[in-house]
Amino acid sequence: MDIHFHGFWRMDWGLGNPNKTAALIAMLIVAVWVLAYIRKWGFWLALALFTGLGLCLIHTYSRGGLIGAFFGLIVVVLNVPRPWPMKKIVAVGVSVWIIIGFSIYLQAQERFSQGLLKEDSSITNRLEIWKAAPQMMVSAPNGWGLGKSGQVFMQWYQPLNHMEAYRTLVNSHLTWMVEFGWPFRIFYILAWVAVLVVCWPSKDHRWLAIPLGVWVSFAVTSIFSSVAESGWMWILPGLSIVAAIIYRISRKTWPSRVVWMIPLGATALLNLVFFMAGQNGAIHKSGNVIVVGNGDPKLWMLINTKTIGSQYGRSVRKFLESHKEVTGSLACVESLDAINSPVGKTVVISGTPGDADKSGLKAVCDSASKVILLNPTFPPQEINFDKSKSVSVLFGEFSQSPAIQSWKDAVAVQNIEGKGDFLPNWPELVFNHE
């Protein structure tokens, strides 16, 4: 992440990420206006704090933070009692112009306008990631696993002409909904909408616009970056919802039963949208098995990154994209235990299986209709190699495997010229020997 813009430091308040800092500031910008509901002079203190926080927000150069503050403040403004005193309008106008002037001084307007007048890769890349999120959800009904969303996107969904690295989906909401399964996705949306219902203001309870604005700001900033992963981000929203609940309990003023239907309806609708938008994907995850293509896979690949590389997903996608004549699907597993029944299947084993797999190695080789070994580091004796079995053994010309000679004595070994222990063209080798 860039921590400077045109030579100016992007403020981070020690959080190590200007976008997280901006999200926190955006919520504080909304929260300070609660002072105006507590005391008459609270407006002027809130305005002073608003101005200072606004300058800090500009100094983060965060577009997501600016948008989050805008929508949070819209909630507050719409619920301010009217008419608005002229002196307060003028004071707010002066504050806003101070913030705008500071923005011009920092040249922040150039950062904020990126993507409007010309293409900005930061925006287009985000849109590319978010577009893949529904497919990632549908592909993995039980989720891809905590902390794996960025790697999964790069491996299986990122356009092959892009090489940007991601840790998350640059969106807290989508990141968690991809990493966890449908039960969490349903609960997550339900919880968010329920919070908004609890905080919803009315004519007699206008101050609830502050908790609502804080949560709206939090929701919006979490769209543009993975800011919600920081525990600091949850303190202010947590205090806001607690205050709203205590207030409603003390005043015995809860939303009606009809209103509570809104979270249920919104949850059902949004999950349905995600489900429908994610159909027709070419990647499917079930348990610890990832299948590329459609149909029951006959070709199973035991992953060993030393032999096939850490970007094996991109490698197989690139191969299939350039070889439209190849049909069927490929299942990738990290353990032989994930292969339910090897009977009638072609199993590809690369390098050295983990210790947990070695005990079942012979059983798999005996049951599979065909076995393809890429740079095996174990000798044929380890699986009681039977020449009557259909086994293809491939070694890179410069492979350092200690088992090369023993395999050459047992079977005709194919030599891959110019390659070593890493076989970048493994999809071609595998599909040609299927």
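Taking only Cα atoms and a 10 Å spring cutoff, compute GNM fluctuations for the chain and point out the largest among Ser172, Ser350, Ser113. With Cα springs under 10 Å in the chain, the top fluctuation among Ser172, Ser350, Ser113 is at Ser113.
Among residues other than Ile100 with Cβ under 15 Å from its Cβ, the summed charge is 0 (Lys and Arg +1, Asp and Glu -1). Sparse packing (at most 11 other Cβ atoms within 10 Å of the Cβ) combined with a DSSP loop state is found for the following chymotrypsin sites (Phe, Trp or Tyr not before Pro) in the stretch 19-102: Trp41.
Only helices enter this figure: runs of n ≥ 4 DSSP H residues, each worth -39500 (n - 2.57), summed and divided by the residues of the chain, yield -15500 deg cm²/dmol at 222 nm to the nearest 500. Shape class of the stretch 134-221 from the Cα gyration tensor (axes a ≥ b ≥ c, square roots of the eigenvalues): prolate, since a/c reaches 1.5 or more and a/b is larger than b/c.
When every Cα-Cα distance of the stretch 74-150 is counted in 5 angstrom steps from zero, the calculated P(r) takes the values 3, 10, 11, 11, 10, 11, 12, 11, 9, 7, 3, 0 percent.
Looking at the stretch 299-379, the trypsin sites (Lys or Arg not before Pro) that sit in a DSSP loop and have at most 16 other Cβ atoms within 10 Å of their own Cβ are Lys324. A simple count of charges around Met154, restricted to other residues whose Cβ falls under 12 Å of its Cβ and scoring Lys, Arg +1 and Asp, Glu -1, yields +2. Dividing the C-alpha radius of gyration of the chain by 2.2 N^0.38 Å, with N its residue count, gives 1.29.
By the gyration tensor of its Cα atoms, with a ≥ b ≥ c the square roots of the eigenvalues, what is the shape of the stretch 144-298: rounded for a/c under 1.5, prolate for a/b over b/c, or oblate? It is prolate, given that a/c is not under 1.5 and a/b is the larger ratio.
A cut-off of 5 Å between modelled amide H atoms, ignoring neighbours fewer than 5 places along the same chain, links Ile416 with Phe395, Gly396, Glu397. The translational diffusion coefficient of the stretch 283-432, from Stokes-Einstein at 4 °C and 1.567 mPa s with a Kirkwood hydrodynamic radius over alpha carbon pairs, comes to 84 µm²/s.
Take every Cα pair under 8 Å whose residues are at least 6 apart in sequence, average their separation, divide by the length of the chain, and the relative contact order is 13 percent. May I ask which residue of Trp300, Ser399, Val316 lies farthest towards the positive end of the charge dipole of the stretch 276-434, with charges of +1 (Lys, Arg) and -1 (Asp, Glu) on Cβ and the Cα centre as origin? It is Val316. Contact order for the stretch 283-432, expressed relative to its length and based on alpha carbon pairs under 8 Å spaced 6+ residues apart, stands at 22 percent. With a/c under 1.5 counting as rounded, go ahead and sort the stretch 293-341 into rounded, prolate or oblate using the C-alpha gyration tensor (a ≥ b ≥ c being the square roots of the eigenvalues; past the cut-off, prolate if a/b is larger than b/c, else oblate). Oblate shape, in that a/c is at least 1.5 and b/c is the bigger or equal ratio. Among the trypsin sites (Lys or Arg not before Pro) found in the stretch 8-117, those both in a DSSP coil and sparsely packed, with 13 or fewer other Cβ atoms within 10 Å of their Cβ, are Arg39, Lys40.
For the stretch 1-115, the share of alpha carbon pairs falling in successive 10 Å distance bins from zero is 14, 45, 29, 11, 1 percent. Take each peptide in 278-289, 407-418, count the other Cβ atoms within 10 Å of every residue, and average; sorted highest first, the result is 278-289, 407-418. The listed peptides 74-83, 213-222, 192-201, ordered by packing as a protection proxy, come out as 213-222, 192-201, 74-83 (highest mean of other Cβ atoms within 10 Å first). If both residues of a DSSP beta bridge must be in the chain, then about 35% of such bridges are antiparallel.
Since every read-out is calculated from the coordinates, none of them should be taken as a lab result. Bear in mind that the values here come from a model prediction, so they are computed numbers and not experimental data. We place every Cβ from the backbone using ideal geometry, glycine too, and count neighbours over all the protein chains shown.
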